[in-house]
């Protein structure tokens with residue numbers, strides 16, 4: 001297919017997560033939180049400067065990934081199986097949120113993600129996994145060793161190396 005631009009629908013969005021021991025796997029999501037980065041705001045108010053008011057952004061962005069979907073216990077590829085094993089274990093992960101434009105995602109279309117780097121212990125870790133009535137919810141955060149922030153791009157992320 002030809003790379004598209006413009007508007008799309010959630011049916012073409014895919015979240016893939018992988019560890020050094022497993023390839024990037026589809027998390028089969030049907031809900032996802034906001035995608036992007038929050039930079040801490042540093043207050044710059046000074047009583048000694050008469051007119052100095054406002055803030056500047058901090059250096060280290062914060063990233064939290066919240067998502068959920070139907071429970072899938074497939075042995076080695078099911079999101080529920082993988083997320084249960086990764087939850088709270090500080091397993092270094094890569095993630096890739098791919099937004100296909102009116103068809104399944106392909107290289108050249110928008111994606112947001114991060115490829116984990118084993119040497120610097122940087123990547124995503126799963127900090128929460130819960131199930132209820134055949135559905136799961138999970139949350140991941142970037143490790144403190146991450147040298148770079150997740151970023152928008154047009155090429156797929158790969159498992160940590």
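The values are calculated or read from the model by the stated rules, or taken from the named source; none is laboratory data. All of these numbers come straight from a predicted model, not from anything done at the bench. Please note: Cβ atoms are built from the backbone with ideal geometry, for glycine as well, and neighbour counts cover all protein chains shown.
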Scope the stretch 118-152; condition over 24 Å from residue 40 (Cα atoms) and free of Cβ contacts under 8 Å to residues at least 60 places away in the same chain; matching residues: 119, 129, 130, 132, 133
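Condition check ((1) within 22 Å of residue 12 (Cβ to Cβ); (2) over 13 Å from the mean Cα position of the chain (by Cα)) across all residues:
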{"position": "70", "(1), (2)": "yes, yes"}
{"position": "83", "(1), (2)": "no, yes"}
{"position": "87", "(1), (2)": "no, yes"}
{"position": "95", "(1), (2)": "yes, no"}
{"position": "110", "(1), (2)": "yes, yes"}
{"position": "113", "(1), (2)": "yes, no"}
{"position": "126", "(1), (2)": "no, no"}
{"position": "139", "(1), (2)": "no, no"}
{"position": "151", "(1), (2)": "yes, no"}
Taking into account only those residues within the stretch 44-101 that are in contact with a helix residue (DSSP H, G or I) (Cβ under 8 Å, 6 or more places away or on another chain) and more than 26 Å from residue 133 (Cα to Cα), which is modelled with the lowest pLDDT? 101
Meets criteria (under 22 Å from the mean Cα position of the chain (by Cα) and modelled with pLDDT under 75) for residue 3: no
The stretch 109-156, subset in contact with a helix residue (DSSP H, G or I) (Cβ under 8 Å, 6 or more places away or on another chain) and surrounded by 12 or more Cβ atoms within 10 Å (Cβ to Cβ), residue modelled with the lowest pLDDT: 146
Please list, ordered by first then second residue, the pairs with beta carbon atoms under 9 Å, 6 or more apart or interchain, first in the stretch 79-95 and farther than 14 Å from residue 68 by Cα, second assigned to a helix (DSSP H, G or I). 91/85; 92/118; 93/86
